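Remarks on the structure that follows.
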Amino acid sequence: MTQPATGAPVQQIVLVGLSGVGKSSVGKALAARLGWPLVDTDDLVTAREGKSPADLIVEQGEPAFREIEQRVIAEAAKQVPAVIATGGGAFQRAANRRSLGERGFICYLDAPATEVARRLRANPDVLVSPLLGQDIEARLEELDRERRPFYQHADLWVPVQGAPDEEAQTVEAAVARIIHAWTAEAAALPGNTRRLDRLGADQPARGPAAVVDTGDQRYPIWVGSGELRRLGDRLRQVGLDGRRVFLISDSHVIEQHGRTVAEALDAAGIPGASYVIPAGEQSKTQRIAAELYAWLAAEKAERRDVIVALGGGVVGDLAGYVAATYLRGMPVVQLPTSMLAMNDAAIGGKVAVDLPQGKNLVGAFHQPTAVISDIDVLRTLPRRSYVEGFAEVIKHALILDPALLKTLEENAANLSSGGPDWDLVAEVVARSSRLKALVVSSDPKEQGLRAILNYGHTIGHGIEQATGYRDYMHGEAVSVGMMGAAKISQAMGLIDQSVVDRQADLLRSFGLPLVAPDVNTTVIMDAMTRDKKVEQGRLRFVLLQGVGHAIVRGDVSGELVSRTVASLVRG
Ligand SMILES: NC(=O)c1ccc[n+]([C@@H]2O[C@H](COP(=O)([O-])OP(=O)(O)OC[C@H]3O[C@@H](n4cnc5c(N)ncnc54)[C@H](O)[C@@H]3O)[C@@H](O)[C@H]2O)c1
Ligand SMILES: [Zn+2]
């Protein structure tokens, strides 16, 4: 097919993703907005064959259905203008990817499998495919794992994660994001032959573990073994080659991993300089930031150069803050080296330094250009830090992902041991990163959904402050805080005791604390009411409504909070 190399974008948008993720509702809204027809390939199959895809699969088997589907897709892909919603499995076939890519701007709608299952159950109109079988959730998980590598090759990744009672807004946000990206990017697609080759390849290359897409910025998160050695390639992949690298790290990390990074940059012929700060939270200050500014000025760093943060959350927050402010903003690449930074701090663009008056009081939102998590570096992380980082992983599982929760429960002993199965660790970090990416993408500036990430943090921060940030590491305090939040959820009738016990068992099996003995309740309560999460004098709590389902509530009584905190500190 010939296409104009430039000019107006071709008027075709293709939606791919698991069945039930919302392709029809987003497709309908999108088609209405653009005034284009909506072509649903499953409906076309039904019209053509007189039988639904579900019936065809049952009667003739999946391979026969896929042949019919391929013919239908080849035809649908010729229609312009059109919004094309495809069946969940269609994008697995190279031939389909190629024909959809000819004219279409391909958008991948993504939500966690649990959320998709919930939507399927809540929507009796949707015909559940026989491929999903009895245990819908488990099967969706499997399909997600199988198909995600293909979906990741779409032109745009669109998270459609949202609160169940805000479905209309979620659809609206997805539509706005798609139209915005299509307008900006679609005109360049037809001339891009490498894209079509990639789409049409039988075994497309493995994509990143996750993508953050805030609507304005899009960046990959790579997770795996040997990532630091691939740093040159990764910088090239995000268009940062040919720049100078300003590496910021701390005294512990540079000793263990500085050399790997230096060698990777050397091998790729990337010039640069490095600055090492003393390890520890006391370096996350404006004074050290000022040292870094002076260093960048002396080195004549330019706005097009790149800051690379190699370290835990302290280095990531500080280097990110410097990158956000120096020359009014430079690109930053995060190379998180602690479990906490990989799963939490490095993703999402919150950067800050501390003031004597409090932690993280001066900061900005500054998204990185890439996050590169090399699992190998975790081998040198002190054990307590390693375990502490799992608190955030467990949090992600509790609020969003029952399947991850199960994986953690089944492998707690292995994962928390001194010699874990590192492939499994990589899988868990990838999955947890994806959850954070999904939430951040839906709500980059923390105006709504992102608040659920504070599960366990209201009481957790109270404990950290009450103990002067000395006795409890962040994840440990959050672990106790999650027990508080679960108990409050139970007292308010949102979950039953079995969920509280399940959470407790999991935290305990990782060696995380459930109580904070000997901390004074009043001091914690005072600290909590001074915290940022207080809105007009009311404490806002993230509570569990079930495993994988969190809600924000502002109506928890002060009496229940202090009773709960008292139960945590008595031990
Ligand atoms: N920006 C965000 O969204 C966000 C989220 C959570 C936490 N944070 C911030 O993150 C910080 C805490 O992060 P952290 O726990 O990573 O602390 P950290 O950066 O101080 O790292 C902990 C310790 O481990 C060492 N270390 C790190 N990686 C290592 C490795 N691979 N091998 C050996 N030693 C290693 C560090 O040198 C340090 O001594 C806090 O300042 C917190 O405010 C930010
Ligand atoms: Zn946290």
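List of remarks:
- Residue ranges of helices (runs of 4 or more DSSP H) in the stretch 401-481 with at least 2 members within 16 Å of ligand 1 (Cβ to nearest atom) and outside the structural domain of residue 158 (by TED's automatic domain parsing): 422-442, 457-466
- At least 1 residues being of a type outside the set (Phe, Trp, Tyr) and either modelled with pLDDT of 95 or more or under 24 Å from residue 195 (Cβ atoms) (or both) is the threshold, and among the helices (runs of 4 or more DSSP H) wholly inside the stretch 55-149 those reaching it are 62-76, 94-103.
- Single residue of 503, 490 found to be under 24 Å from the mean Cα position of the chain (by Cα) and polar (S, T, N, Q): 503
- Residue within the stretch 349-356 that is surrounded by fewer than 21 Cβ atoms within 10 Å (Cβ to Cβ), outside the structural domain of residue 470 (by TED's automatic domain parsing) and either near ligand 1 (Cβ under 9 Å from one of its atoms) or not in a strand (DSSP E or B) (or both) present: yes
- If you check 183, 170 for being crowded, with 18+ Cβ neighbours inside 10 Å and assigned to a helix (DSSP H, G or I), only one passes: 170.
- Residue match in the stretch 516-529 (condition: farther than 30 Å from residue 356 by Cβ and buried (at least 18 other Cβ atoms within 10 Å of the Cβ)): no
- Here is the figure for the stretch 12-44: residues that are surrounded by fewer than 18 Cβ atoms within 10 Å (Cβ to Cβ) and either among the polar types (S, T, N, Q) or at negative phi (or both) total 5.
- The stretch 374-389 residues that are under 20 Å from residue 221 (Cβ atoms) and assigned by TED's automatic domain parsing to the domain that holds residue 234, paired with ones that are modelled with pLDDT of 95 or more and of a type in the set (D, E, K, R) (beta carbon under 6 Å, 6 or more apart): 374/227
- Within the stretch 53-75, considering residues that are farther than 23 Å from residue 98 by Cα and within 35 Å of the chain's Cα centre (by Cα), the one surrounded by the most Cβ atoms within 10 Å (Cβ to Cβ): 57
- Residue 476 over 16 Å from the mean Cα position of the chain (by Cα) and within 16 Å of ligand 2 (Cβ to nearest atom): yes
The values are calculated or read from the model by the stated rules, or taken from the named source; none is laboratory data. Keep in mind it's a predicted model, so treat the numbers as computed, not measured. So basically every Cβ, Gly included, is an ideal-geometry build from the backbone, and we count neighbours across all protein chains shown.
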